[in-house]
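This report concerns only the one structure given below.
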Amino acid sequence: MSPEFTSAGEMVFQTFPADRFFPAAGSWLRGLVRTDAASSVVDMRARVAGETTYGFCYRSRAEVGANSDSSSVGFVIFLRPPAGRHWLKLEFYDAARGCWWENFRCEIESDAAVRKVDYAPPAGPDAGWMLLQTLRQQHAQPRLSWRQHARAAWVAGAAGTTEIKPVAPLFGCLEEPGERVRVNHGLLSISGWVAHATRAISSVTAYVDPRLPARLDYGLPRADVAAAFGDLRGAARCQFAGEIVVPLSHPQSWGLVVCVELEKGEPLLAFARRVQGPSFAADLPGELPPYSAARFGSAAAAVLATRGWRGLGRAGRELTVARKTYLRHASPLVTLDQIRYQAPACARVSPRPLSVVMVNDNFTLGGAALFAFEYARFLAQQPGCTVRLATPQDGPLRALCAEAGIFVEIVDMARLTPTMNEAEFHSHIGCIAAALDWREADVVIVNTLVAYWAVPLARVLGKPVLFYIHESARIDALFPAARVPLVEAAIAGATRTVFVTEWTRSQHRRLEYEGNFRLLRSWTDVARLDTFCSAHDRTTLRRAQGLSADAIVVVCLGSICDRKGQRLLIRAIEQLACASVTGETENPRALQFLLVGARPSPDVEQLRRDIAVRGLNRLVCLVDETPDVLGFLRQADIYVCPSFEEGFPRALMEAAVFGLQIVATRICGIPEMLREQDAWLVPPGDPARLADALHQAMQAHRAGDLTRPRNARARMEKLFNAAAVLPEHVALVGETLASIE
């Protein structure tokens, strides 16, 4: 009797018990599911007799067969149903639609031993883990009820599974991830060893999402394996290690699959393990909803009800701990209609001579440093105003200051060490203040949270201080625990603490003291950018860079590091390149990606390895950090910002003024800058969605559709034009001085 199918997709079984009869020892189900082009199957599970069992989805030519295509995914699951007749349901997770759907249902019979009458279901996952998962999922999918999300968290934590290990003649051990799962900005660390009895292994590939396979480093030395299993082929160099992408939208638990490829291209499924990750991504702002007692209570009630109100004492303690985590990581509550920029009460600074000291944490060419430079330059242009820029870390920005005639001062901060206590900190601040000649300064402007030390420094000198905060990260994520109270004191103690995004201000709202917080707009110099465009021909700039005049050029600006998301961008580019080979999108030779902002660092070397391993050297070019970022924007057709964390990125505003198609992650302050009608905004940490958005942007570019670029440019001109915004910041200096007179 053949299995029955639903209309959601076509399924082909390779292994299924004859006559739908499961022996007491259980049976493996293997097969292939094909879906429509709009679907992306990434996981599977079975439901029998009220219990859930997870299997694994994979893409393997050996298992799936030569007739598989890009919409086909293999699956494998081990089932041991209880005795009797039951309905078996197979469900698949569609990452494109963000939901589970049932694709197979049939009645089965099992002769497994009857369970004891006193059998009780497992206790299930930790109540605190369930609460945070429920909050996170309800924030991402508010159309579903609290009970539905709590039930999904229960299933994820309590469902059964069977781990797949190598079978002779393949041997090995998957050592990481273990019980403690480490995820760094969407990347999961994998390590272990694998070897074949008689044949060489050419490569090892791993993934959680079958759309995003990652080739691991293989052939690393492993002396202990060689000593114990010296008869295996290549036992001395059988270690594998690397990182795979875990899309943040992927449901838990994660089905980790590791495949090996033998010589002559024969693939084998080596390992498959279910991995329970953290309840939310702590390194990603915005994963948990804004805190409210009602929201916490609704989630807690749904969790306790799902658990059957069992073990209330222990569950209560777990929920108390989870509440503290929720308070610490809750998102600020920000909508566009809530944003109220605050025009300074004073229209302009006093006509008397004014001396300003502006402090930045470094003199690199990053967005915050350029913000300080442009602010200082505009202040210096005001009648009777003198400005000096101070920093503890010299850099290439000094040359721009010299051209603008702005005096630069290097402040020796070597005495401030991360391990000193509060008393030692203030003692050293007093010593630094005594060594500085800031007696003539009327006001001190401190730029970036990292330069917090300049706020108590200005207070020691008796100067009013404006403290500009751009960072979107939490204080305890940026500083060691001993420094957190000092940073918080600086935020509360500044004469004016200034934010350019409501997201960041809301995150620190509890520290506001006597109305010292201000929300002002950031800026971009529209006139200067237009002048640059007029003076620089795109074709000429491309020719100098060795780019084709008709190629689609995608540019990403920013320091290369994990939080900027370039490594996940490489995975998205790999997907675009693979789709190009199969004819699903543009020819890869017509594309060029420029990642601008490389400086010597381990992060850059890792990114180079990622590019090389995926064979993208001809498609992706890493460009050293340069002051000529506008030249690269002028060459571009599309600008991409794949970051996990951003305040109010300067390069994104410049890309909007240049009229580029924009693809960016929907995080922190970016939705305050650009709306859905201005750019393609995607969730962070999801290379598949990023690749899809880039593909759509390329299609719009080819079709000459400038709807989004025009909307974005108009928004910059209306809200963030330096000609209108910079005078407001100068006026805030006047308001600050007036407040102490």
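Each value in this text was obtained by applying a stated rule to the coordinates, not by laboratory testing. Computed from a prediction, not measured in an experiment: that's the story for all the values here. So basically every Cβ, Gly included, is an ideal-geometry build from the backbone, and we count neighbours across all protein chains shown.
Summary of computed values
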item: Sequence-separation-based contact order of the chain, relative, with Cα cut under 8 Å and 6+ spacing, percent; result: 10
item: Extension reserve of the LYS264-ARG543 stretch, reckoned as 0.36 nm per residue once the Cα distance is removed; result: 96.2 nm
item: Set of the range 170-190 residues, backbone N closer than 12 Å to the point 7 Å along the Cα-Cβ line of LEU220; result: 175-177, 189-190
item: Computed label-point distance, nm, for sites LEU312 and ARG398 using a 7 Å Cα→Cβ extension; result: 6.8
item: Proximal charge balance of ARG609 [Cβ under 12 Å; K/R count +1, D/E count -1]; result: -1
item: Simple Cβ-charge dipole of the range 535-720, Lys/Arg +1 and Asp/Glu -1, about Cα centre, in debye nearest 20; result: 200
item: Calculated on alpha-carbon atoms, Rg and Dmax of the chain in Å; result: 28.9, 95
item: Simple spin-label estimate for ALA738 and PHE13 in nanometres, 7 Å along Cα-Cβ; result: 8.0
